[in-house]
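Report on one structure; see the data block that follows.
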Amino acid sequence: MKRLIRFLRGYGKETILAPLFKMLEAAFELIVPLVVANIVDIGIQNQDIPYIWKQCVIMVLLGIIGLVCSLTAQFFAAKAAMGFSTALRKEMFAHISSLSYRELDRLGTPTLVTRITSDINQAQTGVNMVLRLFLRSPFIVVGAVIMAFTINVRIGVIFLIAVPLISVVIYMIMKSTVPIYKKAQASLDKISLITRENHVGARVVRAFCRQQEENREFAKTNDEYTKIQVQAGKISALLNPATTVIMNFAIIGILWYGSKEVYTGVLTQGEVVALVNYMTQILIALIALANLIVAVTKAMASAVRLNEVLDTKPTMTDDGTKAQEEKKNSARVEFKDVTFTYAGSQEPALSHISFTAMPGETIGIIGGTGCGKSTLVNLIPRFYDVNEGEVLIDGNPVKEYPFAQLRKKIGMVPQHAVLFKGTIRDNMKWGKEDATEEEIDRALSIAQAKDFVESKPEKLSAMVSQGGTNLSGGQRQRLTIARALVGMPKILIMDDSASALDFATDAALRHAIRTQTEGMTVFIVSQRATSIKQADKILVLDDGELAGVGTHQELMKSCEVYREICLSQLSEQEVDR
């Protein structure tokens, strides 16, 4: 938690004033038993009604002043805690955004979602509680003990015995619950994972009638989380009875010994009442301290998880890079003996891949499922760094490009069409922030999306729901292609992004790209032989290796893998065209 304190920077005034006003409240609270003692010893004993009213007014004033101090402290504590969580959440979001695919794959989306929401909320609660109670509770305890000693030293010893006993009970209970709260947060990750999987894959779950199985799985995980929380609750439930028993024995001791002191005239009745009040204040303060420790314990468990993310350094950065100039007569994209292995994998996803793609060429990539097609194109915009070999764009290694310059050259159409909530125009401007209506219109036309956009009453102002769920699969794919084309990049990568299109639309799309994107190097990843048949160069991948490179006619003669793919999809007449 210490390492997260830096996020309180800028809230130094609030961090100081919150506990200060809480201490002022505590100081006024410690005066109240003395006022009560005066009411008993002077007002009641002498039947002095005006004096009693006067002391009651003083007690009410002390309560009002204490309330004002408490509200002021709450305000400053809440402001500092909210500022802390806001700064931490911004830092976390920015840090997660800076991580490469390798780190994101290792950490996983569900745990990142839990950490940036639930864990930060726990840390915020911990900061709030610390600012409010960290100084107040010890101040009350120490102040009450000192006040007891000023009234009677011998009875003050009872306080010295009771306070450590109550503290030990609180410590033992807190020590037992710390690891349980850590397990609870880890269990929350599992709940988040199942929830996310069922939300994203709702159609698949229903298509296979797996609702009951998924409900059982969720219920099982949820029950495990409940058991952990109940276990912590059972231990925490011992806090009140255990501390109350100790306090009651202490009060019995005060009354028993105090009665003797009253009888001998050493103590007054009002002072005994004041001592009992001080013991009660100590118990309340220690229980508040226990609640603080619970909040801090949860916050510390969450802080460990947050620091794990913040300590995860991106293995891929563009530090030390500078803008690169295009080298004349160089290939647009070149792979030199590239080998790549995913983190945690024993076998390479790509092995010794070498090829060149010149400006204006269309490169088709085909192969069986899991052969490394998507992996290959993900290396071009440097989503991953290669283990061996080198990837070059315009004659320069991709590692020497700043990310902004590199990815501005590339229009990426992912395998799964991803659209964001907003208008069609907003989504198109992801490809180019200052895109004009004409540029957007041209991109939609090339992507074969203009007709269905124009058919909408709002046209470009038509709303797209989160994930594009109000559009068909083919419409989503065409819009993501148009988004990539808006900025007219030098390299267009279509990672199996036309799978939802019919053959006629797919053919029209490829024709439009070929004729209306002069000089653009296009990579088409596809399972369909017809989609890449007319490419200038076809890369055939087989289990991560390059089984063949060439045109359709060349590969039909020289590459057995490619021939088998084509013959499984096309007739003899189509193969020969």
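Table for the structure above
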read-out	value
Whole-Å semi-axes of the ellipsoid equivalent to the stretch 142-194 (Cα gyration tensor, √5λ, descending)	43, 10, 4
Whole-percent pair-distance distribution, where bins are 5 Å wide, for the alpha carbons of the stretch 50-187	2, 8, 10, 11, 13, 14, 12, 9, 7, 5, 4, 3, 2, 1, 0, 0
Dipole magnitude of the stretch 293-366, debye to nearest 20 (Cβ charges: Lys/Arg +1, Asp/Glu -1, about Cα centre)	200 debye
Point-charge dipole on Cβ atoms (K/R +1, D/E -1) for the stretch 203-247, about Cα centre, debye to 20	140 debye
Two-site FRET efficiency, ILE284 against ASN121, from Cβ-Cβ distance with R₀ of 22 Å, rounded to 0.05	0.25
FRET efficiency for GLU326 and ALA500, using Cβ-Cβ distance with R0 set to 25 Å, rounded to 0.05	0.10
Percent of Cα-Cα distances greater than 14 Å, calculated over the stretch 68-126	63 percent
Where N is the number of residues in the stretch 162-226, Cα Rg divided by 2.2 N^0.38 Å	1.77
Net charge contributed by nearby residues that have their C-beta within less than 12 Å of LEU419 (K/R +1, D/E -1)	+3
Rounded Å value of the spacing that divides the Cα centres of the stretch 1-78 and the stretch 118-161	14 Å
Value of relative contact order over the stretch 264-415, rounded to a whole percent, pairs C-alpha under 8 Å and six or more apart	26 percent
Kirkwood-based shape ratio for the chain, expressed as Rg/Rh from alpha carbons	1.19
FRET efficiency estimate (nearest 0.05) - Cβ-Cβ, ILE31 to HIS199, R0 60 angstrom	0.60
Shape of the stretch 218-307, Cα gyration tensor, a/c cut at 1.5	prolate
Largest-first ellipsoid semi-axes for the stretch 165-314, taking √(5λ) over the Cα gyration tensor eigenvalues, angstrom	51, 18, 10
DSSP beta bridges in the chain [antiparallel fraction, %, rounded to 5]	50 percent
Cα-based reach from LYS336 at 12 Å (exclusive), listing aspartates and glutamates while leaving out same-chain residues under 8 positions away	GLU388, GLU390
C-alpha center-to-center spacing [the stretch 423-485, the stretch 173-213] in angstrom	36 Å
Distance violations [Cα-Cα > 24 Å] among LYS234/LYS298; LYS13/LYS313; LYS22/LYS90; LYS79/LYS175; LYS322/LYS421	LYS13/LYS313; LYS22/LYS90; LYS79/LYS175; LYS322/LYS421
Loop chymotrypsin sites (Phe, Trp or Tyr not before Pro), the stretch 163-210 (other Cβ atoms within 10 Å of the site Cβ: 11 or fewer; DSSP)	PHE208
Cα convex hull of the stretch 34-103 - mean projected area over all directions, nm²	6.8 nm²
Two-site label geometry, ILE191 and GLN415: point separation in nm, points 7 Å out along Cα→Cβ	3.2 nm
Stokes-Einstein D (µm²/s) once Rh is taken as the Kirkwood radius of the stretch 341-401 over alpha-carbon pairs, at 4 °C in 1.567 mPa s	100 µm²/s
Helix 473-485 vs. the chain, principal-axis angle (Cα, 0 to 90°, nearest 10)	80 degrees
Extension reserve of the LEU160-LEU255 stretch, reckoned as 0.36 nm per residue once the Cα distance is removed	32.6 nm
Nearest-ten-degree value, helix 49-98 long axis tilted from longest Cα axis of the chain	20 degrees
Accessible area (Å², 1.4 Å probe, nearest 10) - VAL294	30 Å²
Estimated Rh, the stretch 266-332: Kirkwood, alpha-carbon pairs, angstrom	18.7 Å
Greater than 20 Å apart at Cα, pairs in LYS183/LYS220; LYS429/LYS450; LYS399/LYS490; LYS190/LYS227; LYS2/LYS190	LYS2/LYS190
Net charge dipole size for the stretch 130-226 [Lys, Arg +1 and Asp, Glu -1 on Cβ; Debye, nearest 20]	180 debye
Under 13 Å, Cβ to Cβ, from ALA81 - net charge with Lys/Arg +1 and Asp/Glu -1	+2
Label-zone membership for the stretch 474-504, site THR530, 7 angstrom Cα→C-beta point, backbone N under 15 Å	498-504
Shape category assigned to the stretch 451-577 from the gyration tensor of Cα positions, a/c cut at 1.5	prolate
On Cα atoms only, tilt of 239-264 relative to the major axis of the chain in degrees	20 degrees
Extension gain from CYS209 to TYR101, taking 0.36 nm per residue of separation minus the Cα-Cα distance	35.6 nm
Gained length - ALA219 relative to VAL57, 0.36 nm times residue gap less alpha-carbon distance	52.6 nm
Protection proxy ranking of 9-15, 215-221 - average other beta-carbon atoms within 10 Å, highest first	9-15, 215-221
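The values are calculated or read from the model by the stated rules, or taken from the named source; none is laboratory data. Just so you know, these numbers come straight off a predicted model, no measurement behind them. When we count neighbours, we look across all protein chains shown, and the Cβ atoms used for this are built from the backbone with ideal geometry, even at glycine. Quick note on the areas: whole protein, heavy atoms, side chains included, nothing else; ligands and nucleic acids left out. Shrake-Rupley method; radii C 1.70, N 1.55, O 1.52, S 1.80 Å.
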